[in-house]
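The values are calculated or read from the model by the stated rules, or taken from the named source; none is laboratory data. Keep in mind the model is a prediction, meaning the values are calculated, not measured. Virtual Cβ from ideal backbone geometry, glycine too; neighbours counted across all protein chains shown. Accessible surface areas use protein heavy atoms only, side chains included; no ligands, DNA or RNA. Shrake-Rupley method; radii C 1.70, N 1.55, O 1.52, S 1.80 Å.
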Amino acid sequence: MNKFFATTPIYYVNDAPHIGHTYTTVAADVITRFYKQKGYDARLLTGTDEHGAKIAEAAAKHGKAPQEYADEISEKFKTAWDSLNIDYARFIRTTDEDHVKTAREFFQKLYDKGAIDPKPRLYKGLYCVGHEKFMSKEELVDGLCPDHQTKPVEHSEENYYFKLSGYKKDLEQLISSDEIKIRPQSRKNEILGKLKTGLEDISISRASMEWGIPLPFDKGHTAYVWIEALINYYTYGSQENLWPADLHLMAKDILWFHALIWPAILLAIGEKLPKEIFAHGFFTINGQKMSKTIGNVISPSQLIEKYGVDGTRYLLLAAFPFGEDGDFSWEELDKLYNANLANGLGNLVARVAKLAEKVNFEVTQTTEIFDPLVEEKLTEFKFNEALATIWQDIAALDKKINEIQPWKLEETKLKEFLSSSAIKIRSIALSLTPFMPETAEKILKQFSDQIKSGSPLFPRK
Ligand code: ME8
């Protein structure tokens with residue numbers, strides 16, 4: 001059996017999940033469900049990133065121990081993904097015992113292979129806790145991290161170093177040849193461009209950060225949280241015989257870690273490399289960056305409450321091209337919902353079902369097909385185009401009904417028309433399955449045997 005192993009980033013547990021995390025997770029779920037539908041052993045790994053300064057500080061702010069705080073927030077992510085029908089194979093936490101064990105073994109291997117300098121040395125730098133990374137002076141704006149509006153911490157301590165600089169040539173070759181496929185193409189070019197300017201060795205341990213995994217070869221240090229977090233993919237993948245990953249999905253903010261540091265440390269221990277890394281865009285809300293201070297953070301439960309589970313899944317991926325930056329606003333989402341779900345799909349299904357019910361129409365042929373164009377778009381991560389393709393079919397059938405006016409046809413002709421319409425609707429539902437699994441199932445059920453009118457799929461807003 002072919003396998004398909006996809007991952008989302010593991011999200012920080014400093015705060016509850018929002019629409020940003022939801023976006024990536026829904027996209028990853030749609031892709032994984034699509035491969036499953038094609039007959040692959042398709043698995044999705046998601047979870048939470050729980051060690052390091054960012055989490056320790058958030059916990060302290062709430063007067064809690066890091067583990068207690070991580071338990072609480074991690075549960076919120078899990079609940080959110082469950083309520084959104086995310087079909088993950090494993091929800092991994094970096095505090096899980098098996099991950100801690102794998103991470104320690106991984107660091108030991110890096111050390112034994114000579115990829116880590118044998119002795120720590122002084123590292124000085126400006127550390128942004130929000131990013132959990134060092135920032136160069138050029139990246140700062142007026143001395144502040146432009147993403148978090150915070151002043152980075154001056155850091156000066158003995159750290160172990162990973163010899164990243166030695167992997168420049170290999171990485172250039174692997175990335176330019178698509179052996180590690182980085183997409184969209186523009187991001188690949190960006191990474192290759194950055195690579196040209198050179199790679200520096202990186203610090204991979206902390207001497208003063210207790211909330212982390214102690215290094216197996218020096219208990220006085222904990223593992224740098226980013227390296228430890230990346231290993232989560234390997235914890236699950238190697239255990240399940242799924243390594244290498246077929247797809248790491250994320251936004252562009254963390255592509256650097258996935259496209260360069262992650263392959264380098266895998267190369268260092270002689271492991272296989274991920275096949276594809278896809279970085280989608282970053283979106284804003286009403287043109288503004290999402291932030292607690294502005295008060296425009298949208299939670300997955302707010303979306304579900306308003307649009308339902310499948311409505312939310314649809315709207316996130318239909319709103320703008322995947323890969324590019326975009327913008328969400330409640331007004332736009334309402335508009336899309338009414339036009340394409342309440343009208344569009346919902347209306348078409350109700351219309352045909354009503355006609356069929358009147359004449360006791362029974363579906364005898366179930367020859368639906370998954371639209372090959374939708375399949376093509378999905379393999380290229382063009383979610384909004386895949387959906388647009390399905391909605392063209394919806395519009396075409398709607399138009400045909402308006403033209404033919406089947407309610408004026410005599411019964412045999414009407415039944416012929418219903419028969420071909422039912423097959424089209426079933427095909428639409430089949431192609432919709434990875435996006436809107438519950439709705440698709442409902443439609444397929446309704447359009448089998450004797451068709452009956454049902455309650456509206458998407459009540460109008
Ligand atoms: O970076 N637009 O976790 P994180 C699009 N723990 N996507 C967004 C978004 C937005 N406005 N906001 C968040 C971390 N995301 C690390 C990852 S992996 C080994 C460790 C999504 O909680 C997007 O997927 O900051 C982005 O890459 C991710 O959330 C960052 O999540």
Would you please name the residue that is surrounded by the fewest Cβ atoms within 10 Å (Cβ to Cβ), looking only at residues in the range 415-458 that are under 18 Å from N343 (Cβ atoms) and at pLDDT below 95?
-> S455
Considering only the range 301-317, state which residues are more than 12 Å from the ligand (Cβ to nearest atom) and open to solvent by less than 20 Å² (accessible area, probe 1.4 Å).
-> L303, Y307, D310, G311, T312, R313, Y314, L315, L317
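Considering each of K38, K3, K61 in turn, give the residue that is under 22 Å from Y234 (Cβ atoms) and out of contact with any Ser or Thr (no Cβ under 7 Å at 6 or more places or on another chain). Steps first, please.
Working: K38 fails: under 22 Å from Y234 (Cβ atoms); K61 fails: under 22 Å from Y234 (Cβ atoms).
Selected residue: K3, the only one of K38, K3, K61 that is under 22 Å from Y234 (Cβ atoms) and out of contact with any Ser or Thr (no Cβ under 7 Å at 6 or more places or on another chain).
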Out of T197, T284, sole residue that is β-branched (V, I, T), without any contact (Cβ under 8 Å) to a residue 60 or more places away in the chain and within 11 Å of the ligand (Cβ to nearest atom) = T284
Select from the range 1-41 the residues that are near the ligand (Cβ under 9 Å from one of its atoms), among the hydroxyl-bearing types (S, T, Y) and not in a helix (DSSP H, G or I) and list them in ascending order.
-> T7, T8, Y11, Y12
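I'd like to check which strands (runs of 3 or more DSSP E) are fully inside the range 82-164 and have at least 2 residues that are of a type in the set (A, V, I, L, M). Break it down stepwise before answering.
Working: elements: 90-93, 121-128, 133-135, 153-159.
Here the list reads 121-128.
Residues are listed down the side, and each one gets a yes or a no for (1) modelled with pLDDT of 95 or more; (2) within 16 Å of the ligand (Cβ to nearest atom); (3) in the same structural domain as I261 (by TED's automatic domain parsing):
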| residue | (1), (2), (3) |
| --- | --- |
| S177 | yes, no, yes |
| S205 | yes, no, yes |
| M209 | no, yes, yes |
| G212 | yes, yes, yes |
| L215 | yes, no, yes |
| Y224 | yes, yes, yes |
| Q239 | yes, no, yes |
If you go through the range 260-268 one residue at a time, do you hit one that is in the same structural domain as H21 (by TED's automatic domain parsing) and surrounded by fewer than 16 Cβ atoms within 10 Å (Cβ to Cβ)?
-> no
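Look at I254 and say whether it is out of contact with any Asp or Glu (no Cβ under 9 Å at 6 or more places or on another chain), within 30 Å of T102 (Cβ to Cβ), within 16 Å of the ligand (Cβ to nearest atom) and open to solvent by 10 Å² or more (accessible area, probe 1.4 Å). Show your work before the answer.
Working: out of contact with any Asp or Glu (no Cβ under 9 Å at 6 or more places or on another chain): yes; within 30 Å of T102 (Cβ to Cβ): yes; within 16 Å of the ligand (Cβ to nearest atom): yes; open to solvent by 10 Å² or more (accessible area, probe 1.4 Å): yes.
Taking the combined requirement at face value, the residue satisfies it.
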Which condition breaks for E97 when tested against (1) open to solvent by 40 Å² or more (accessible area, probe 1.4 Å); (2) touching a Leu at 6+ places or on another chain (Cβ under 7 Å)?
-> (2)
Please work out which residue is farthest from the chain's Cα centre (by Cα), limiting yourself to the range 35-90 and to residues that are open to solvent by 30 Å² or more (accessible area, probe 1.4 Å) and at positive phi.
-> G63
